[in-house]
Amino acid sequence: MLKKKEILFSKEEIDNAVENIARKVSEEYSGGELLIVGVLKGAFIFMSDLIRKVHGVDIIVDFVILRSYGSSTTSSGEVEVVKDLHGPVEGRDILVVEDIVDTGVTLKFFKDQLLRRGPKSVKICALLDKRARREVEIDVDYVGLLMDDGFVVGYGLDCDENYRNLPEIWVLEEEE
Ligand code: 5GP
């Protein structure tokens, strides 16, 4: 059983990170149209905060649910699309919004899938990046906060569906 250990990122740190990404996205896609694809469930709070901070871009939203096999705290390398996009991808600028990149397997799989459908561009944005744990090569174009190893919850991220509503990001630890 895992329990909350300590706050890793405060509300203010998260807010600044989201603001930074939003500024870059607003600059990059200024005057254009952007399809923002949220990876459920973990990215739902991050995405809702992010899109309200992006200005001067016409935004369309869509969502996918991806399942990577493994235990509740590690992924095994196999990914399945549980819920696909609702709308078309062809010719669109796409920004994939993910909560956290760990091994990179989930995002590599999904980006490759999107690229086969003829979009104009695909970029990736992640609130958290466990860069040292990367197992496959994947460019994360916009990163909010870098972190070391450790399992985190809060601000949309869960452990067995718990803790998503915490306003901060917490590290979990084994209960004695
Ligand atoms: P990857 O395919 O990059 O190894 O794993 C990405 C997915 O694993 C994330 O979308 C998330 O669902 C899950 N994940 C990886 N690390 C963490 C973590 O520290 N906390 C939570 N809640 N999920 C994580």
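Points to keep in mind about this one:
- Accessible-area order (highest first, 1.4 angstrom probe) of the listed residues Val82, Val25, Val105: Val82, Val105, Val25
- Take every Cα pair under 8 Å whose residues are at least 6 apart in sequence, average their separation, divide by the length of the chain, and the relative contact order is 27 percent.
- For the chain, the longest principal axis of the alpha carbon atoms and the long axis of helix 44-53 meet at an angle near 50°.
- The angle separating the long axis of helix 105-115 from the principal Cα axis of greatest extent in the chain is about 10 degrees.
- Helical runs assigned H by DSSP (4 residues or longer) give the chain a calculated mean residue ellipticity at 222 nm of -7000 deg cm²/dmol, each run adding -39500 (n - 2.57) before division by the residue total.
- Furthest towards positive pole of dipole, Leu34, Thr106, Cys125, structure part the chain, Cβ charges: Leu34
- Dipole magnitude for the stretch 13-75: about 260 debye, using +1 per Lys or Arg Cβ and -1 per Asp or Glu Cβ, origin at the Cα centre.
- About the centre of its Cα atoms, the stretch 136-176 shows a dipole size close to 300 debye [charges on the beta carbon of Lys, Arg (+1) and Asp, Glu (-1) only; nearest 20 debye].
- Using only side-chain charges placed at the Cβ, +1 for Lys and Arg and -1 for Asp and Glu, the dipole size of the stretch 1-128 relative to its Cα centre rounds to 240 debye.
- Surface composition of the stretch 1-90: carbon plus sulfur atoms contribute 48% of the solvent-accessible area (1.4 Å probe, protein chains only, all chains present).
- Rolling a 1.4 Å probe over the protein heavy atoms leaves Phe109 with an accessible area of roughly 60 Å².
- Modelled label positions at Leu146 and Tyr69, each set 7 Å beyond Cα in the direction of Cβ, lie 3.4 nm from each other.
- Above-threshold pairs, the threshold being 29 Å between Cα atoms, out of Lys41/Lys120; Lys11/Lys41; Lys4/Lys24; Lys53/Lys83; Lys3/Lys24: Lys4/Lys24; Lys3/Lys24
- Relative to the longest principal axis of the Cα atoms of the chain, helix 11-28 runs at roughly 20 degrees.
The values are calculated or read from the model by the stated rules, or taken from the named source; none is laboratory data. Since the structure is predicted, the reported quantities are computational estimates derived from the model, not experimental observations. In this analysis, Cβ positions are derived from the backbone assuming ideal geometry, glycine residues included, and neighbour counts consider all displayed protein chains. Heavy atoms of the whole protein, side chains included, go into the accessibility calculation; ligands, DNA and RNA do not. Shrake-Rupley method; radii C 1.70, N 1.55, O 1.52, S 1.80 Å.
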